[in-house]
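Below is one structure, written out as structure tokens; the observations come after it.
The values are calculated or read from the model by the stated rules, or taken from the named source; none is laboratory data. Note that the coordinates shown come from a computational prediction; the quantities given were computed from them, not determined experimentally. Don't worry about glycine lacking a Cβ; one is built from the backbone with ideal geometry, like all the others, and counts go over all protein chains shown.
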Amino acid sequence: MLDRLKHIALVLSEDSGDERRFAVNKEIIEPLSGLLDFHANKYCPELTECIPPEKLKEYMKREAAKVMYIGRE
């Protein structure tokens, strides 16, 4: 499993003598963490009540159809 994660750059490895160390690639994980945080806050407010998976697709369609204003002139 670590080899797969290493192959897609989620995990970095470093040989140190007779052992190999693995570390999370912060350059990749930090933006993903922000995205996961946004998703959790939007779809599972306060992590107490999540939208059930069977209703999530329909909810996301409705959200995507909303107009989002990004600025004014």
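Things worth noting here:
- Lone unmet requirement of (1) modelled with pLDDT of 85 or more; (2) surrounded by 11 or more Cβ atoms within 10 Å (Cβ to Cβ) for LYS26: (2)
- Exactly one residue out of ILE51, ILE70 is at pLDDT below 80, exposed (fewer than 10 other Cβ atoms within 10 Å of the Cβ) and not in a helix (DSSP H, G or I), and it is ILE70.
- Among residues of region 1-45 being part of a helix (DSSP H, G or I) and in contact with a Leu (Cβ under 8 Å, 6 or more places away or on another chain), the one that is farthest from LEU56 (Cα to Cα) is LYS6.
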